[in-house]
1. Cα axis of helix 2-15 to longest principal axis of the chain: angle in degrees, 0 to 90, nearest 10?
2. Please state the charge dipole magnitude for the chain, taken about the Cα centre, from unit charges on C-beta atoms (+1 on K and R, -1 on D and E), reported in debye and rounded to the nearest 20.
3. Read phi for every residue in segment 660-666 and hand back ³J(HN,Hα) as whole Hz from Karplus 6.51 cos²θ - 1.76 cosθ + 1.60, θ = phi - 60°, with x for Gly and Pro.
4. Taking the Cα centroid of segment 752-777 and of segment 613-654, what is the distance between the two, rounded to the nearest whole Å?
5. Please state the shape class of segment 672-861: rounded when a/c is under 1.5, otherwise prolate if a/b exceeds b/c and oblate if not, all from the C-alpha gyration tensor.
6. Hey, fewest Cβ within 10 Å first, where do Leu119, Leu394 land in order?
7. Once amide H atoms are placed 1.01 Å from N in the peptide plane, what residues at a sequence separation of 5 or more from Ala703, or on another chain, have their amide H within under 5 Å of its amide H?
8. If each residue's Cβ is checked for other Cβ atoms within 10 Å, how do Val73, Val147, Val219 rank with the fewest at the top?
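Every number in this text was worked out from the coordinates using simple rules, so none of it is lab data. Worth saying up front: this structure is predicted, and the values here are computed from it rather than measured. Cβ sites come from the backbone with ideal geometry, for glycine too, and all protein chains shown count toward neighbours.
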Amino acid sequence: MRKFVFLFLLFISSAAVAQVEPGQLADSLFSTYYHQRATHFRSLPQTSRDIIFLGNSLSDGGEWGELFGDRRVKNRGISGDTSPGVMNRLKEVVLRKPEKVFLLVGTNDLARGIAPDSLLKNLFWIADYLRREAPLTQLYIQSILPVNGRFKKFSGHTGNGKQIKHVNAQLQTNAARYNYSFIDLHTPFSDRSGNLNASYTNDGLHLNGNGYMLWKHLVFDEVFDLQAKPAILPAPQQLQWTNEAFPLYQTRSIVIQDPELQAEAMKLKSMLREHGLAVQIKKNAVAGEPHIVLAISSTGAPRLSEEAYTLEVTNDKVQLKANTGHGIFNGVQTLAQLMRDKTFIPGCQVRDWPAYGWRGYMVDVGRNYQTMEMIKEQIDVMARYKLNIFHFHLTEDIAWRLEVPRYPQLTAPEHMTRNKGAYYTVDEMQELIQYCKDRHITLVPEIDMPGHSAAFTRAMGVDMQSEQGLAYLKNILSDFCDTYDVPYVHIGGDEVEITNQAFLPQVTAWLHERGKKTIGWDPGGNLDKATVRQLWMRDGAVDSGQKYIDSRHLYINHMDPLEAITTIFSRRIGDRDTGDSVVLGGTLCLWHDRNVLKQEDVLQMNPVYPSILAFAERSWKGGGYPGWITNIQVDQTKQQRDFQDFENRLLDHQKSYFEGMPFPYAAQAGMTWKLFGPYKNKGDVFASFAPERKIFKGKKPAAEAAGGTVVLRHFWDPLVTGVLKKPEENTTWYATTQFWSDVDTTGLFWIGFQNLSRSQNSDTPANGTWDNKGSAVYLNGEAIAPPAWKRAGQQGNPEIPLIDEGYEYRVPIAAPVKKGWNTVLVKLPVASFKGRDWHNPVKWMFTFIPLDIRGLRSHTETQDVL
């Protein structure tokens, strides 16, 4: 057999350049077991997006789907297999067009006397063949593992250490040439002598359970397209990685000395149980057993020490210390992200504290009711990312959503205009308050007064500012204070004509007498000095004698999903790097004034979860940049680099923790655009200019931009700046970029022009148009047709829900993509900057981003276009 294999190798290597089909070797050359496995593989059903572990006994021995918790991960290992054996059965793999292949083969070749260079030629041939027949499949060639002779077995293998190292070195060197990714398993599996570490084997060649757990840990990021290190979000103030690793899968105990930490230990125990780990809470660790320690201990921090923590991960212990249970809770959230692969936690040292003490998220349920289940889901996400204020906007013109037993008419269906009869009972409100407390979140209820109170007027028959209305309200607030254990009551106070100057002072005094702190909107009514202001629009310096919460330019209902993340990431909360005695922090706000078809639309039409993560990063880490920024800043290298780093972590979290949940975001930091203009269109938005002609090439762009969404001019200009420094009416601009595809295919794209606010009654575009500005988009010279709007030309109406007006909640646009470079040209004309009315403002912008093109290359690699 050895002679035949050698001849086969020579044939394959000589024919590699011609890319012949793999030769079919005689069945007699392979073992019975080989045929059992190979025929079994061929008989299995075709599935999509397979991740295949291909190779010899080492791959054969892994329960890969169970190990990774993913049915896409398939075993194509055959014990005793060699590179010719893999080549002989490669068609079965290729026909499946898998997403990824992890190849590990070669130790048996060397043991049978095959020269290292011949083995390498076979492996390179496999790479070439796979690339040709399945160009979208990512190939990972893993290094041959070391062997260990101390077990006195497999003498044909244990003497091949030098050859193994030679092959591995060549595999690493030639990875780019043959279009595969190289993974070094040899180094982490080696002991100090370069042999297979005895803790991972019981025969010197094959792996035991510990070995497979390490293997999983080493390739986990490649299997799931993640960064090499766990992405921590929000980023800790101080983080240092080490070369150690804690074996999480071996953990059996959580050690606490302080009874105060029992609740936090129970939460961690529950988390580990979800990972399939059964642990006990103990006062002392078992000698030699990996364990996790939670401890109340003096923890220094420059600010907000009650939320600070330190975390150290070593080979045998995880130690989390904090001054309070809240600090321990925060540290556990970081620890949860570190244990992403559920096998090992990478060694590190963390010292962390928040920049702002008030890190809030507000949801409006007055206009669109949300079930307890959906509210709790959002609170859970808040807790995971260390937000600590849940602002609950309960009353509106639409409906009063909080049960008041003294006045049942407030929540009667006939006094609601949407979700009639839907409200939160006293018991449910108590449940939500406790649900937040268990997660170290303060629930801040808002009863809006005297504005946004039409539902109150309908139910009670009087205006809230009237003498009788104020009497009713005092009864409501008195019952509220007696019923609910919350430190703050948000009284609203905005967007209303104050006809009774004594109203707000009396309300705040009434609440203060009952031990409640008050918060009101600013700009708003005549609030007293003791009431905390929540800024929603006013720019400029704040009154140093007043406490503030910043929500300026943090209304995600007004933002395009991609724009929202760049905006929130850039915000400088309270115009400060950290909170202080004047600015407590900030609150991210979700207003969805327009009616919805189903409650989940609120999370899909507004970038709720990606925005929470961006706001968590900024409000915990602090910093940000001056001004109200909406685009990625192409002229600020550090800002671009910082955003890219954040986006990488955001995308890792999207993949790891938000599967099946609304998360309208796609990678955009690498997209770069060249902008040409301005061209005077004299009000004719359909006029054509030079960039639309094929002969227009090599011109220097007038501006550059980055991102999937680019705002040329914001409707709040000049407060919120766009790309254009001096935007002009009656002009046309063009934007262009390129992207690469490895194959001819059909691409899916998010495309849009002026993502509609969910709080304005904006019109749907007319049939056959992208918008009312004459915008257009071309891919490789061919116009991409706008969607067939389901409600084309529909005049904006708060009771008519949006249905397909935004790219993030309609079916992505499909368009043909060619192999190689693809050129995008976006036409951006505008006439007047003044909209038809305030519900239809002119936000001069566009979105273009590829969603699902495998083989897509970085947009920063674009060539000169046009």
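1. With both axes taken from Cα atoms, the answer is about 60 degrees.
2. On the way: 95 positive and 94 negative charges, 621 e Å.
Here the chain has a charge dipole of around 2980 debye.
3. x, 10, x, 8, x, 7, 8
4. 28 Å
5. Details: a/c = 1.79, a/b = 1.22, b/c = 1.47.
In terms of gyration-tensor shape, oblate.
6. Details: Leu119 26, Leu394 20.
Listed from fewest to most nearby Cβ atoms, that is Leu394, Leu119.
7. Sorted by chain and number, the residues that satisfy this are Leu675.
8. Working: Val73 22, Val147 26, Val219 19.
Ordered by Cβ neighbours within 10 Å, fewest first: Val219, Val73, Val147.
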